[in-house]
1. In the stretch 70-92, is there at least one residue being of a type outside the set (Val, Ile, Thr), within 23 Å of residue 410 (Cβ to Cβ) and free of Cβ contacts under 8 Å to residues at least 40 places away in the same chain?
2. What's the total number of residues in the stretch 1-26 that are surrounded by 14 or more Cβ atoms within 10 Å (Cβ to Cβ) and at pLDDT 85 or above?
3. Return the total of residues in the stretch 649-695 being of a type outside the set (Gly, Ala, Ser), assigned to a loop (DSSP other than H, G, I, E, B) and either modelled with pLDDT of 55 or more or touching a Ser or Thr at 6+ places or on another chain (Cβ under 7 Å) (or both).
4. Name the helices (runs of 4 or more DSSP H) wholly inside the stretch 470-552 in which the number of residues that are among the hydroxyl-bearing types (Ser, Thr, Tyr) and at pLDDT 85 or above is 1 or more.
5. May I ask you to list the residues in the stretch 617-628 that are of a type outside the set (Val, Ile, Thr), surrounded by 15 or more Cβ atoms within 10 Å (Cβ to Cβ) and assigned to a helix (DSSP H, G or I)?
6. Can you find, within the stretch 298-333, the residue that is nearest to residue 636 (Cα to Cα) among those that are in contact with a Gly (Cβ under 9 Å, 6 or more places away or on another chain) and not in a helix (DSSP H, G or I)?
7. Can you name the residue in the stretch 3-23 that is part of a helix (DSSP H, G or I) and polar (S, T, N, Q) and is also farthest from residue 35 (Cα to Cα) among such residues?
8. If you scan the stretch 226-239, which residues turn out to be among the small types (Gly, Ala, Ser) and modelled with pLDDT under 75?
Amino acid sequence: MLRISTDHWLLALRTVLAVWLALFLALRLDLYQPAWAILAVMIVTLQPVMFTGGTPPIGIILGRGVARFFGTLFGAIAGLVLIALFGQQPMLYLLFAGAWLAFCMYWVMLEQDEYLGYVMMLSGYTATLVSLTAIGTGIDSIWTVALGRFSETALGIGCGVLMHLLIAPRFGSRALPEALSQFLQSAAEETHAALDTQRSRDTQDARLKTLLGHYQQFEKLRGLARLETRRLSHFIPALDRFASDSLALITAIRELETAIDYLRACEDGERWLAQLNAHAAPLLTMIAEQPAGEPLEKLTLPDFEWDVEQVSPRSRVRAELVRQRLGEVLGLLQHGRRLRHALNDPASAKVHTLPHEKRTRTTHNEHFVARFNALRVFVAFELLGLFWVHSGWHSGYLAMMLLGVFTMLFAKAPNPAAVVYQFMWGSIAAVLLGGVLLFLVLPVINGFPLLAIAIGIPVAIGTLLTPHPRWSLIGLAGAITLMTLLNLQSTYNFSPTRYINGGLASVLGTVVAMITYSLMQQRSPAERIRTLLGAYWQGVARLMREPTLPNRARLESRLYDRLGRIVALGGTDDTLREALDLHALALCVWRIRRLREELAPHRQELEAWLDDIGQRLTTRRHHSPEVWRQLSDQAREWVDRFYHDAQLSVATAGEIAMLGHLMREAPGVTLEARADDDAQAASLDRQATPPRQETPHVR
């Protein structure tokens, strides 16, 4: 039995009241199809619930509401254009309507901004909804259909947002300062623990995963700040900048742990670690205990006081490397603490020292995924359209409509065929319930109060089902299908044949979408990881050989985007560790290339060595641990040569040493092997088993 929490009851109350208000206004204003206003309320309210499992923050409701408003506007205009140009030419209409769907799908798959992608999604299938409805009811009414779709969607959005604002609103951005505090506290504690005690690799990986979880919570709430409150509006550039710097902080901690492990391998390593710990521990403890405290001036770690004749070159290089990475970690922690303090005191003079411009981000676009999804939706739309045109089935336009909606809505789900399968059962249930409402309940009621009760009961049931992963798709599918079939403007027209045809068409559209996803399966996560790794190796190879170095912020942005996708697709602690190692490897190469002027006596030979590594990375599909160990040994030979070169600084030799340490870890080897195994297993599963049902991840 499902346990219904107070939050879910409040969610149902908001949804039902918003539906009643939208229905009342739509009937009062004599709009074209009041069910569309109800549908807008349901989607704006319930679709975010599938991600949050409860009442979503008001920022998500506002963001999706505004995105749906503009997406519906653009889609209605596109639908008008399609009918104006091809209303009398069905084959050309199918071609260009399918092309518009494919174009929007391509953009949706590439766009990383959630709300812009949502606008393009709505633009894609709203154009087909408007144009197909006009074809099904008469193209002379296209203007009425387009205007009705837009106005009633806007009405439903407004009613849904209003109820979420009036009844126990939930502001996610209020938790943003605490989320930033937790991240800073976790980062400071992890850094202190790395300096203080020696820990196993598994423990380090688990702590880094926890740190990444705190960052992801901060990143999610940061996106709500611009939508929910004006109080934090002038902090948006600083928050965006620290979102990038916090990822750099995680990588810097990972590099620091590697450098500390190698320093401890020296006989006098603990001695130099104790010196660094003595200077850094007070600040780390202060940040961990009071992350929102008054920020201090930038801490500069003092130089080591050692006798060059008595301390071995290896110890000096490794100790200096730890000192550099620790300084980078402390600088980023102090930056975060300054921002956290400013969030508590917006009038503080420290606010003026925060960044006022956003840092540009560069994404790695998976064009092969976007092209495949665009082709998939185009082929399915054209084939079903040909069947509709040549069969003469009048209600077939409803099947086309739901096909367009489902292929756009679930393209980013890991197993969209299973998602649509669950939607099919929701659609069947909605057809049966809609028939009961349309032919048994509505004809015997009189007046708006009874109509509101008749509509409110299934709306409440669907809302209470949505927060539960097992039933969420059935609830949302029932809402979409029911409002597609329930024509409230012609409630008392007894036309069972028309309704049955419409119901069959709705189920057929769902089935075709499921078959499309089953037959045209896109690349598995393992295959995508292999492609992303290949792109990463090519990028590192270019970094090793190109004479012009990219801006570090631009390089980090591209690395974070690409490796972030690898972590999301991999989903294991090993994947996170390897992604951090790969990121650190690229940054280490960037630092070495930046110091090329200091390597004057060895510059040409060293760059030839790096270029040879780049060629090895791109010519091999798999990179064995033996090859990485050979490259690591070569890096150590370089460091041994630099020990006796008085013209080179210890820091320069330290960067080469860090590169050798990272290559000794064989970055990417486990990912490559696991991706190959998973890809082979997925290929066998596709041939032998039907799609597996799983919790959806839709946009």
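The values are calculated or read from the model by the stated rules, or taken from the named source; none is laboratory data. Note that the coordinates shown come from a computational prediction; the quantities given were computed from them, not determined experimentally. Cβ placement follows ideal geometry from the backbone for every residue including glycine, while neighbour counts extend to all protein chains displayed.
1. For the stretch 70-92, residues of a type outside the set (Val, Ile, Thr), within 23 Å of residue 410 (Cβ to Cβ) and free of Cβ contacts under 8 Å to residues at least 40 places away in the same chain: absent.
2. Number of matching residues: 17.
3. Of the stretch 649-695, the ones of a type outside the set (Gly, Ala, Ser) are 650, 652, 655-656, 658-659, 661-665, 667, 669-672, 674, 676-678, 680, 684-687, 689-695.
Now drop any that are not assigned to a loop (DSSP other than H, G, I, E, B), which leaves 665, 667, 689-695.
Okay, now just the ones that are also either modelled with pLDDT of 55 or more or touching a Ser or Thr at 6+ places or on another chain (Cβ under 7 Å) (or both), so 665, 667, 691.
Result for the stretch 649-695: 3.
4. Numbers: elements: 472-485, 496-519, 525-545.
Ranges flagged: 496-519, 525-545.
5. Once the filter is applied, which keeps residues that are of a type outside the set (Val, Ile, Thr), surrounded by 15 or more Cβ atoms within 10 Å (Cβ to Cβ) and assigned to a helix (DSSP H, G or I), the stretch 617-628 yields 617, 628.
6. 301
7. Residues of the stretch 3-23 part of a helix (DSSP H, G or I): 6-23.
With polar (S, T, N, Q) added as a condition, the list becomes 6, 15.
Numbers: 6: 28, 15: 14 Å.
Residue satisfying both the conditions and the ranking: 6.
8. Pass one, the stretch 226-239, residues among the small types (Gly, Ala, Ser): 233, 238.
Answer for the stretch 226-239, where residues must be among the small types (Gly, Ala, Ser) and modelled with pLDDT under 75: just 233.
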